[in-house]
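The values are calculated or read from the model by the stated rules, or taken from the named source; none is laboratory data. Note that the structure is a prediction, hence the values are computed from the model and not measured. Glycine gets a Cβ as well: all are built from the backbone with ideal geometry, and neighbour counts include every protein chain shown.
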Amino acid sequence: MRALAKGVRFFGFEPAKGRQLHRQTLAGDILSNGLFFSLVAVGRPKRPYLRGAVLGLLAGLGAVVLPPHLGLGKAPSRARPSTAWLTVAWYTLGGLAAARATKRLLARREAALPLGRAPQG
C-alpha cells in the first residue's frame, strides 16, 4: 500500500484511503504477480520447475530486501527473521505452482494434438 500511495502522489494525485486503497493494492498485486509468474511459461518448456523456483526465490528476496532501498521504509516482512524466511518461501512456492500449471497446460496441449504432429511455435 505504501508503494501505491507513493506512486500516486508522485504523479500529482491524492491516493485513496482505507479499504479503497487496500482493494487497489490487492488488485495491483494480483495483476503484477500473475504477469511476473507467467514468465515461467516463456521460452522453451524445459525445466519449468527450475525457472519457477528461481523466479520465486528472486521475487521473495526482492520483497524482503528492496523496500527500504526504494524509500518505502522498513518492510513488514523484515519485522522478524522468521517473517522474512516465510516471505521468501511463499514466493518460491508461488513460482513452483506456476511451474506446475505450466506443465499441466503443456501436457494438455500435447494430448490435444493429432498423432504425428509436432506443436508449432
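Within segment 91-102, count every residue that is within 12 Å of the chain's Cα centre (by Cα) and either surrounded by 15 or more Cβ atoms within 10 Å (Cβ to Cβ) or not in a helix (DSSP H, G or I) (or both). Walk me through how you get there before you give the answer.
So in segment 91-102, the residues within 12 Å of the chain's Cα centre (by Cα) come out as 91-98.
Imposing the further condition that a residue be either surrounded by 15 or more Cβ atoms within 10 Å (Cβ to Cβ) or not in a helix (DSSP H, G or I) (or both) reduces the set to 91-92, 94-96, 98.
So the answer is 6.
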In segment 46-56, is there at least one residue being modelled with pLDDT under 90, surrounded by fewer than 13 Cβ atoms within 10 Å (Cβ to Cβ) and assigned to a helix (DSSP H, G or I)?
no
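Among the residues of segment 2-10, is there at least one that is closer than 20 Å to Thr83 by Cα and modelled with pLDDT under 85? Break it down stepwise before answering.
Step one: list which residues in segment 2-10 are closer than 20 Å to Thr83 by Cα, which gives 2-3.
Then drop every residue that is not modelled with pLDDT under 85, which leaves 2-3.
Looking through segment 2-10, at least one residue is closer than 20 Å to Thr83 by Cα and modelled with pLDDT under 85.
Among what's in segment 100-119 and is small (Gly, Ala, Ser) and farther than 26 Å from Gly56 by Cβ, pick the residue that is modelled with the lowest pLDDT.
Filtering segment 100-119 for residues small (Gly, Ala, Ser) gives 101, 107, 111-112, 116, 118.
Those left that are additionally farther than 26 Å from Gly56 by Cβ: 111-112, 116, 118.
Working: Ala111: 77, Ala112: 74, Gly116: 56, Ala118: 60.
The residue in question is Gly116.
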Say whether the condition of being in a helix (DSSP H, G or I), crowded, with 17+ Cβ neighbours inside 10 Å and either β-branched (Val, Ile, Thr) or touching a residue at least 24 places away in the same chain (Cβ under 8 Å) (or both) is met by at least one residue in segment 2-18.
yes
What pairs can you find where one residue is in segment 70-94 and at pLDDT below 95, the other is surrounded by 13 or more Cβ atoms within 10 Å (Cβ to Cβ) and among the basic types (Lys, Arg), and their Cβ atoms are less than 8 Å apart, with a gap of 6+ or different chains?
Gly71/Lys6; Leu72/Arg2; Leu72/Lys6; Gly73/Arg2; Ala84/Arg78
Residues of segment 27-47 classified as without any contact (Cβ under 8 Å) to a residue 12 or more places away in the chain and either under 14 Å from Arg100 (Cβ atoms) or among the hydroxyl-bearing types (Ser, Thr, Tyr) (or both), total
2
